[in-house]
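Below you'll find the structure, written out as structure tokens, and then a few comments.
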Amino acid sequence: MSAESQPVFEPRGAETWRDPFGMYKALRDRDPVHHVPDNGEGEDYWVLSRFGHVIDAAVDAGTFSSAQGLTFRYGEMEKVGVEAPIVMMDPPEHTSLRKLSVKKFTPQQVVELEPLLREFVVERVERLREQGEGDVVETLLKPLPSLVVAHFLGVPREDRELFDRWSYAIVAANALGDVLTAAEAVGEMMGYFAGLIEKRRTDPGEDIISALVHGRLNTGEEVSPAKILGMGFTMVTGGNDTTTGLLGGALELLTEHPDQRARLRDDPALLKNAVDEFLRLTSPVQGLARTSTRDVEIEGKVIPEGRKVMLLYGSANRDEREFGPHAAEFDVTRKIRRIMSFGYGPHHCIGAAIARLQARVALEELLSRCPDFTVDAAAGRYAPGHFVRRYESLPFTAKGAAA
């Protein structure tokens, strides 16, 4: 790309996820309100890449609506053919359902989850340490978030193996943009949760399903079974591969920057702050779309009403205008005021504290039990899909393991 040429946004997926950051910088610097032309099917869309523009759009749900889906494809909801899940709702409907769900993500409940997480992580790290090497995604980074999602949905321990199998199939299909390619897993999981919903009516627990079954919306209505199933489905599709992406990217950064790894090893208290730096640079969800509800002018360009608008979180999180001239560098002591990794505004991820906890616990145990580990990023394999950047396989070597 010459200095004079106009940058082009090209959706990434699989191996092309390896380095989208040059494209992002070109868009931020030379065409921050970028128009992707019609593909012949009436599907042109716009791309915002600067932090200020992305966060403003994320906060303004009245202008940038989620109700028509979160990809750059049109007619998304009609193709799915089901009631919209919470991530595809706008306030006030979204707000009412969110209030019921967030009650199960209190700080106290997050703290109480730590022993369960740590026990699981220790067992998996020890497995890697004893083997000396292995696929860290398969052994730790994929099953860890599945455990957490199952916990919050109230899946009993004896059903976890089934739940994991369904989750992995659905997450893989969702990455390809057509979750119905995992129709058998979807059907089995939905049937399972329909049964769990009925069970929770008479035998409530401390899980989200119970909270929704016995909750009431702002209108005073019960939460419909379709909305409860939608919440379960959203947690499976949104809570698994994102945490896997965060941790895989974090291990890559620690392998590439031994000086920063040494700082964390020497001062573990830095890890809490470092997790946000990992979130900033990895940005597991690289972007999601909204739909403009009116003509809106940004940087002298008018985005017409009814057009899809991609919010590039991965680009915003590296914007020098927000994070300074060294925004692309990894610094575990960086003071971060705000990031787009969990979205912002009405759709800020309700599981953000849980994701941070998983990252902290996993990295604490890896750094203490095999402090000189390495991952082979060049041999790693990226998952397909245009929105979540994550490794689906990442070779790990447990160097520095205790005898």
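Treating r as the C-beta distance of E138 and T95 and R0 as 30 Å, the FRET efficiency rounds to 0.20.
Close amide H contacts of E133 (hydrogens built in the peptide plane, cut-off under 5 Å, sequence separation of 5 or more or a different chain): A398. Identify which of the listed values of Kirkwood radius over Cα pairs in Å was calculated from the structure shown: (1) 22.9; (2) 24.6; (3) 21.9. Computing Kirkwood radius over Cα pairs in Å and matching it to (1) 22.9; (2) 24.6; (3) 21.9 gives (3). Projecting label points 7 angstrom from Cα along Cα→Cβ for R216 and V122 puts them 4.5 nm apart.
Contact order, relative form, for the chain: 27 percent (alpha carbon pairs under 8 Å, 6 or more residues apart, mean separation divided by residue count). With θ taken as phi - 60° and the Karplus curve 6.51 cos²θ - 1.76 cosθ + 1.60 applied, the whole-hertz 3J(HN,Hα) list for region 89-97 is 10, 10, x, x, 4, 4, 4, 5, 6 Hz, x standing for glycine and proline.
In what order do D135, D259, D319 fall by count of nearby beta-carbon atoms within 10 Å, going from fewest to most? Working shown, then result.
Values: D135 19, D259 8, D319 24.
Result, fewest neighbours first: D259, D135, D319.
Here is the list for region 1-44: GluC sites (Glu not before Pro) lying in DSSP coil, each with at most 14 other C-beta atoms within 10 angstrom of its C-beta, are E4, E41. Can you tell which of Y168, S315, A182 lies farthest toward the positive end of the dipole of the chain, using +1 and -1 charges on the Cβ of basic and acidic side chains (Lys, Arg; Asp, Glu)? Result: S315.
Between region 141-215 and region 352-379, what is the C-alpha centre distance in whole Å? After rounding, the separation between the Cα centres reads 25 Å. Amide H contacts under 5 Å for G287: Y313, G314, restricted to partners 5 or more places along the chain or on a different chain, H placed in the peptide plane at 1.01 Å from N. Between V137, V236, V59, the Gaussian network model of the chain with springs among Cα atoms under 10 angstrom shows the greatest mean-square fluctuation at V59. Taken one residue at a time, the phi angles of region 6-14 give Karplus couplings (6.51, -1.76, 1.60, θ = phi - 60°) of 7, x, 10, 8, 10, x, 9, x, 6 Hz. Gly and Pro are set to x.
Neighbours of A328, meaning other residues whose beta-carbon lies under 11 angstrom from its beta-carbon, give a summed charge of -1 when Lys and Arg score +1 and Asp and Glu score -1. Highest mobility in the GNM of the chain, judged by mean-square fluctuation with C-alpha springs under 10 Å and restricted to R337, R118, R200, is found for R337. Using the alpha-carbon centroid of each, what span in Å lies between region 235-267 and region 1-43? First find each Cα centre; the distance between them is then 26 Å. Look at the alpha carbon pairs under 8 Å that are at least 6 residues apart: their mean separation over the length of region 175-313 gives a relative contact order of 13 percent.
Would you please give the FRET efficiency between D372 and S5, computed as 1/(1 + (r/R0)^6) with r the Cβ-Cβ distance and R0 = 56 Å, to the nearest 0.05? About 0.80, to the nearest 0.05. The GluC sites (Glu not before Pro) found in region 313-345 that occupy coil by DSSP, while having at most 14 further C-beta atoms within 10 Å, are E329. By other beta-carbon atoms within 10 Å, ranking V121, V302 with the fewest at the front produces V302, V121. When the GluC sites (Glu not before Pro) in region 172-276 are filtered for DSSP coil states and for at most 13 other beta-carbon atoms within 10 Å of their beta-carbon, the remaining sites are E206, E221. Taking the Cα centre of each part, how many Å lie between region 81-127 and region 275-336? One Cα centre to the other: 24 Å.
Treating only the Cβ atoms of Lys and Arg (+1) and Asp and Glu (-1) as charged, compute the dipole magnitude of region 14-397 about its Cα centre; round to the nearest 20 debye. Numbers along the way, then the final one.
Numbers: 46 positive and 59 negative charges, 168 e Å.
That gives region 14-397 a dipole magnitude of about 800 debye.
Computed over the chain, the per-residue total of -39500 (n - 2.57) for DSSP H runs of n ≥ 4 gives a 222 nm mean residue ellipticity of -14500 deg cm²/dmol, rounded to 500.
Read the figures in this text as sums done on the coordinates, not as results from a lab. Just so it is clear, the structure is predicted and the values come from calculations on it, not from any experiment. Heads up, the Cβs are rebuilt from the backbone with ideal geometry, glycines too, and the neighbour counts pull from every protein chain shown.
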